[in-house]
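Notes follow once the structure below has been shown.
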Amino acid sequence: MTTTPAPAPADTDVLLSATGITKSFGGVHALRGAHLTMRRGEVTALIGDNGAGKSTLVRCLSGIHQPDGGEILLDGKKVHFASPLKAREHGIETVQQNLALVEDLTVWQNFFIGRELTKGVGPFSMLDRKKMKAQSLDMLGDLAVNIPPVTSRVRRLSGGQRQAVSIARAAGWSTSIVIMDEPTAALGVQETARVENVIKTLRDKGVTLLLISHNFDQVLRLSDHVAVMRRGLTVAERRATDTSGDELVALITGAKES
Amino acid sequence: MNTPKENPVSTTAAAPSGAPSKKDAPSSGSRLTEHLGDFKRLSFWAENAAPIGLLLLVIVFSFLSPIFFTTGNISAILMASSILVVLAIGQSFVITTGGIDLSIAATMTLGAVVFGLSWDAGHNFWLAVLLGIGASTLMGAASGFLISKGKVTDFIATLGTMGVATGLALILSNGRPITIRSDELLSLTTGKVWIVGLPFVIAATVAVLAWFVMFRTPFGMHIQAVGGSEEAAVANGVKAGRIRLAVYVISGALAGLAAILLIARVGAAEPAVNQAYLLNSIAAVVLGGVALAGGRAKIAGPVLGAILLMALTNGLTLMGVSQFYQPLAVGLVVVLAALLTRFQSR
């Protein structure tokens with residue numbers, strides 16, 4: 001093994017641990033035994049160069065891909081996600097890079113697509129629009145500074161607002177982990193700051209987050225724990241307070257072995 | 001923030017001195033301009049093309065023909081539009097998912113022929129209705145399976161089922177119309193609620209049900225989601241394939257219902273090609289402000305669109321305009337509506 005996991009603070013416990021995850025696509029070995037440890041209530045960042053296997057690992061955790069080998073323990077219990085729905089049933093929500101929002105629908109509709117609240121029974125069951133609007137408002141809550149009205153169509157929202165809606169949806173439904181894939185990749189400076197504030201709010205609420213990012217400053221600002229991937233392996237794990245941008249770059253490029 | 005778009009003729013500008021009270025005047029002034037702005041925006045006209053067009057048409061034809069705006073004629077227009085209303089609702093469900101049902105008129109013809117044959121074979125009227133609608137529903141399901149499971153594009157799949165349905169109708173009926181004389185059908189044609197004929201009552205009921213399904217049930221929300229972004233819908237657990245299948249089943253079933261209304265109108269089940277109904281059903285949906293790209297559902301729009309098309313034909317006929325000009329007029333109206341939809345606020 002090339003790695004030594006960073007010592008865990010005594011007051012936090014492990015919520016998710018993935019070990020020896022392998023995944024190949026044809027002849028391409030995207031993951032060659034990657035591991036990841038996430039502690040309850042922490043922001044764990046996953047960084048690495050393009051093609052290092054971050055996205056593949058995240059997709060294994062969110063049920064989009066099924067790993068060829070290795071095991072995932074959630075809350076100490078072994079889990080297998082045959083589909084994204086299964087991962088969701090275990091409380092793992094993902095904010096996808098494309099946000100997975102339907103632009104023609106309203107904010108509250110987007111919050112509830114696929115898990116609508118209804119009233120009435122059988123053929124007479126209809127959408128409980130009032131309740132869904134109220135709950136959407138709750139879920140959006142204090143997350144965003146300029147929260148959009150829940151009845152506005154997503155098409156009318158700015159990039160940052162959309163991101164906030166998608167994050168709020170994931171955070172609202174999640175009962176264990178929220179995964180965010182490059183949440184600020186497509187945003188401008190102001191919008192990025194707003195989304196970072198959303199992430200901070202979630203962190204302060206004690207939500208366990210997995211953050212994939214290219215931005216080292218952002219990673220150091222937001223995360224408690226950093227996992228570095230290179231060529232399908234997790235090559236290092238660091239506490240965010242014990243590392244620097246320079247060290248992370250060196251770890252990513254392989255200039256420094258852990 | 002408090003700088004309203006100044007309207008030179010509004011009361012705000014009427015204050016002559018250089019120091020207007022900035023706080024209270026603009027708020028009412030800007031609300032007024034906002035409402036006026038509604039009418040200035042092209043998107044307003046685009047969103048409401050069908051009701052505005054219908055209103056204009058009624059006004060113009062009422063001036064041009066003394067008969068147009070009489071209860072008798074209005075009742076006739078509604079009666080004539082009931083078939084198209086039902087078809088347009090079916091088409092609207094499909095188009096909301098971003099698809100298109102080219103087989104809708106042929107499916108109606110097939111339903112009519114199956115009804116006619118079952119009636120001719122001595123079956124009970126209601127059983128014949130059930131068989132006719134059933135045949136159309138199966139045809140719709142066939143399109144739906146081709147599209148959801150076979151991954152054939154909507155256009156090609158329904159072009160295929162259009163041919164199949166047309167052919168089946170001709171083969172089954174041997175190309176001959178089947179005359180239907182039934183008391184039930186007669187009461188359907190002559191029955192009235194106030195001035196509104198039963199066929200239109202049926203069409204209106206279908207419209208209300210369709211509105212409820214589309215806007216008040218999870219299923220309707222999924223239809224809009226799949227049309228808006230299939231990828232996002234699937235990521236949120238919507239089974240897109242099932243939704244696509246379902247909208248074609250709905251379209252087929254409504255084509256079957258339209259077949260019964262058609263027979264009631266014509267008095268016979270004809271294997272004739274009813275291509276005008278196909279084009280008009282799409283035209284009604286476009287007039288109703290539904291984008292062919294999908295995602296934005298409308299029910300009232302297509303219903304009004306269908307009535308508009310029939311009112312147009314009716315008015316032209318009353319004015320003695322040759323039948324040859326009618327497709328031209330319909331075509332122009334549809335093209336105009338399609339141009340207007342470009343200005344819809346999305």
(message) Give me the inter-chain shielding for B:229-240: mean count of other chain Cβ atoms within 10 Å, whole number please.
(response) 6
(message) Run lengths n ≥ 4 of DSSP H only: what is the helix-derived mean residue ellipticity at 222 nm for chain A, with -39500 (n - 2.57) per run over all residues, to the nearest 500?
(response) -9000 deg cm²/dmol
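When N is the residue count of chain B, what does its C-alpha Rg come to as a fraction of 2.2 N^0.38 Å?
1.15
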(message) What do you get for the angle between helix B:71-96 and the principal long axis of chain B? Use alpha-carbon atoms, 0 to 90 degrees, nearest ten.
(response) 90 degrees
(request) Just grab the label-to-label distance for B:F155 and A:D13, each label 7 Å out from Cα along the Cβ direction, in nm (one decimal). (result) 6.0 nm
(message) Show me, for segment A:219-228, the HN-Hα J-couplings you get by feeding each phi into the Karplus relation (A = 6.51, B = -1.76, C = 1.60, θ = phi - 60°), rounded to Hz, glycine and proline as x.
(response) 4, 5, 5, 9, 9, 9, 9, 10, 10, 10
(request) Take peptide B:209-222, look around each residue's Cβ out to 10 angstrom, count Cβ atoms belonging to other protein chains, and average those counts. (result) 3
(message) Full-extension gain between B:V321 and B:A268, please, as 0.36 nm times their residue separation minus the C-alpha to C-alpha distance.
(response) 16.3 nm
(request) Only bridges with both residues in segment A:72-224 count here: give the DSSP antiparallel percent, nearest 5. (result) 40 percent
(request) Quickly estimate the mean residue ellipticity at 222 nm for chain B, helices only: each DSSP H run with n ≥ 4 gives -39500 (n - 2.57), and the total goes over all residues, rounded to 500. (result) -24000 deg cm²/dmol
(request) For each of A:H225, A:H65, A:H29, count neighbouring Cβ atoms within 10 Å of the residue's Cβ, then give the residues from fewest to most. (result) A:H29, A:H65, A:H225
(message) Can you give the FRET efficiency to the nearest 0.05 for A:T118 and A:T175, using r as the Cβ-Cβ distance and R₀ = 25 Å?
(response) 0.70
(request) May I ask you to order B:260-273, A:206-219 by the average number of other C-beta atoms within 10 Å around their residues, highest value first? (result) B:260-273, A:206-219
(request) Could you let me know the centre-to-centre spacing of segment A:47-117 and segment B:205-247, using Cα atoms, in angstrom? (result) 23 Å
(request) Determine the sum of side-chain charges near B:R216: Lys and Arg each +1, Asp and Glu each -1, restricted to other residues whose C-beta is under 15 angstrom from that of B:R216. (result) +4
(message) Can you say what percent of the DSSP beta bridges in the protein assembly as shown, counting only those with both residues inside, are antiparallel? Round to 5.
(response) 60 percent
(message) Please compute the modelled spin-label separation between A:V189 and B:R216, points set 7 Å along Cα→Cβ, answer in nm with one decimal.
(response) 5.2 nm
(request) Could you work out how far apart the two model spin labels at B:L279 and A:N50 are, taking each label as a point 7 Å from the Cα in the direction of the beta carbon, and quote it in nm? (result) 5.1 nm
(message) Please compute the average number of Cβ atoms from other chains found within 10 Å of each residue's Cβ in peptide A:125-132.
(response) 3
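Which of A:K23/B:K151; A:K133/B:K298; A:K205/B:K239; A:K54/A:K256; A:K86/B:K239; B:K151/B:K239 have a Cα-Cα distance over 23 Å?
On the way: A:K23/B:K151 29 Å; A:K133/B:K298 21 Å; A:K205/B:K239 33 Å; A:K54/A:K256 19 Å; A:K86/B:K239 15 Å; B:K151/B:K239 14 Å.
Distance filter (> 23 Å) returns A:K23/B:K151; A:K205/B:K239.
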(request) Hey, can you grab everything whose amide H is under 5 Å from the amide H of A:V95? Only 5+ residues off in sequence or another chain; H modelled, so Pro and N-termini drop out. (result) A:I179, A:M180, A:D181
(request) Show the residues, 5+ positions off or on another chain, whose built amide H is closer than 5 Å to the amide H of A:V43. (result) A:L209, A:D224, A:H225
(message) List the residues, sorted by chain then number, that are 5 or more residues from B:G294 or on another chain and whose placed amide H is less than 5 Å from its amide H.
(response) B:G98
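Bear in mind these aren't lab numbers, they're just calculated from the coordinates by the rules spelled out. Nothing here was measured: the structure is a model prediction, and the numbers come from that model. Note that each Cβ is placed from the backbone with ideal geometry, even for glycine, and that neighbours are counted across all protein chains shown.
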